[in-house]
1. Could you run through the stretch 128-140 and say how many residues are more than 14 Å from Ile102 (Cα to Cα), part of a loop (DSSP other than H, G, I, E, B) and open to solvent by less than 60 Å² (accessible area, probe 1.4 Å)?
2. Any residue that is touching a residue at least 60 places away in the same chain (Cβ under 8 Å), over 30 Å from Ile191 (Cβ atoms) and either assigned to a loop (DSSP other than H, G, I, E, B) or of a type in the set (Val, Ile, Thr) (or both) - is there at least one of those in the stretch 63-76?
3. Just checking, does the stretch 106-127 include any residue being more than 30 Å from Ala75 (Cβ to Cβ) and open to solvent by 30 Å² or more (accessible area, probe 1.4 Å)?
4. Of the residues Ser115, Ser11, which single one is of a type outside the set (Phe, Trp, Tyr), touching a residue at least 12 places away in the same chain (Cβ under 8 Å) and more than 26 Å from Asn310 (Cβ to Cβ)?
5. In contact with a helix residue (DSSP H, G or I) (Cβ under 6 Å, 6 or more places away or on another chain) and within 29 Å of Lys235 (Cα to Cα) - does that describe any residue in the stretch 140-159?
6. Just to be sure I understand the filter: pairs with C-beta atoms under 8 Å, separated by 6 or more residues or on different chains, first member in the stretch 242-259 and in contact (Cβ under 8 Å) with a residue 24 or more places away in the chain and closer than 13 Å to Arg201 by Cβ, second member of a type in the set (S, T, N, Q) and buried (at least 16 other Cβ atoms within 10 Å of the Cβ). Which pairs pass?
7. Given the criterion surrounded by 13 or more Cβ atoms within 10 Å (Cβ to Cβ) and more than 30 Å from Thr153 (Cα to Cα), identify the matching residue among Pro218, Pro238.
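The values are calculated or read from the model by the stated rules, or taken from the named source; none is laboratory data. Only a predicted model underlies this, so the values are computations on that prediction, with no experimental measurement involved. Reconstructed Cβ throughout: ideal geometry from the backbone, glycine too, with neighbour counts over all protein chains shown. Accessible surface areas use protein heavy atoms only, side chains included; no ligands, DNA or RNA. Shrake-Rupley method; radii C 1.70, N 1.55, O 1.52, S 1.80 Å.
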Amino acid sequence: MKDTDFLFLGSMLRAREVRMLGSERIDRMLASEEFTDVVKQLIDFGFPDMSELSISEIDLMLEERRSEFFREMSAYSYVSDILDLFRMKYDYHNVKVLVKSIGADIEAEHLLSSSGRIDPTILRDAYISGQFEDLPQPIASAFESSSGVLSRTDNPQLSDIDTDKFYFNELSALAKKLKNDFVTGYVRLLIDTANLKIIVRSSRIGRNSDFLKDTLIPDGSVGVDELLKSLEDDKPLPFDNNALDLAIRLGTSAMEGNSQTPFELACDNAVLHYVTNTKSIGFGSAPVIAYFAKIEWEITIIRMILTGKNTGISSEVIRERLRECNV
């Protein structure tokens, strides 16, 4: 990739940022007492009228908005690999949904995402038939491995963890292919936060080091063996990333039995800060990656606020669960 390749697209996306939600608009939405008032504010920002929709219908509309954006960006061939950094996780989300729902004979079509690289119908048909030849090899392997784990253990959580390993392996391979420092840092941070979450959650439910050895993900800023050694010696977690300082402190607190919510938010915010701290970068892939991240952030924030207002959750509780506003 050459930074000059992104001059046009980066400029276009930065011009669009003025139409994105910011902290002031989010505060106004949270201050609104009525669900319909929030919907009216979103209409002013170019969103469709969602006042008559159910929560599941709102989810589908927001999902389609993200998918439509991804389709628009896919027209720029030089950005396809960067787009895959964001679309890839939805393919593996669909793998998880299909393996668990079909294994339990449960209808879960509404949970499939259209934001991935592969049409979810193609994934479903391939899994049902067992014919994976036309799928990318990592996805095919994830299907075979995670369904095997579920069959052997009858544990959906272990099946999900197995799928995540294939996701992060493919993500790391893409970062190495791109040979871009910003992308490499982004992927390592994603892996670091995933490993930190695994460590904290495992500690809270009493999982041992053998479990961690099988579930921690390589290619982060710290190797798996080094993480295990630090845990064994009861030393501070040695993540080589200052962005995770707050998350590590809150993770330690969560392992001691305190609330896990602030820790989870700190992990998400660390990633968000990394990809959106690009105002000083004039052009190149970084501003494009930042905009893609902001689109996902915006959709997540809107879903949480609309769902909360629709179900009568207080603004204070909704705010506690929101990622930081960084647009």
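1. Selection size over the stretch 128-140: 3.
2. No.
3. yes
4. Exactly one of Ser115, Ser11 is of a type outside the set (Phe, Trp, Tyr), touching a residue at least 12 places away in the same chain (Cβ under 8 Å) and more than 26 Å from Asn310 (Cβ to Cβ), namely Ser11.
5. Checked the stretch 140-159: at least one residue is in contact with a helix residue (DSSP H, G or I) (Cβ under 6 Å, 6 or more places away or on another chain) and within 29 Å of Lys235 (Cα to Cα).
6. Going by the 8 Å Cβ cut-off, the qualifying pairs are Ala254/Gln260; Met255/Ser203.
7. Being surrounded by 13 or more Cβ atoms within 10 Å (Cβ to Cβ) and more than 30 Å from Thr153 (Cα to Cα) holds for just one of Pro218, Pro238, which is Pro238.
Matching residues to (1) farther than 16 Å from Gly22 by Cβ; (2) among the hydroxyl-bearing types (Ser, Thr, Tyr); (3) at pLDDT below 90:
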| site | (1), (2), (3) |
| --- | --- |
| Met255 | yes, no, yes |
| Ser259 | yes, yes, yes |
| Phe263 | yes, no, no |
| Thr276 | no, yes, yes |
| Phe283 | yes, no, yes |
| Ala290 | no, no, yes |
| Ala293 | no, no, yes |
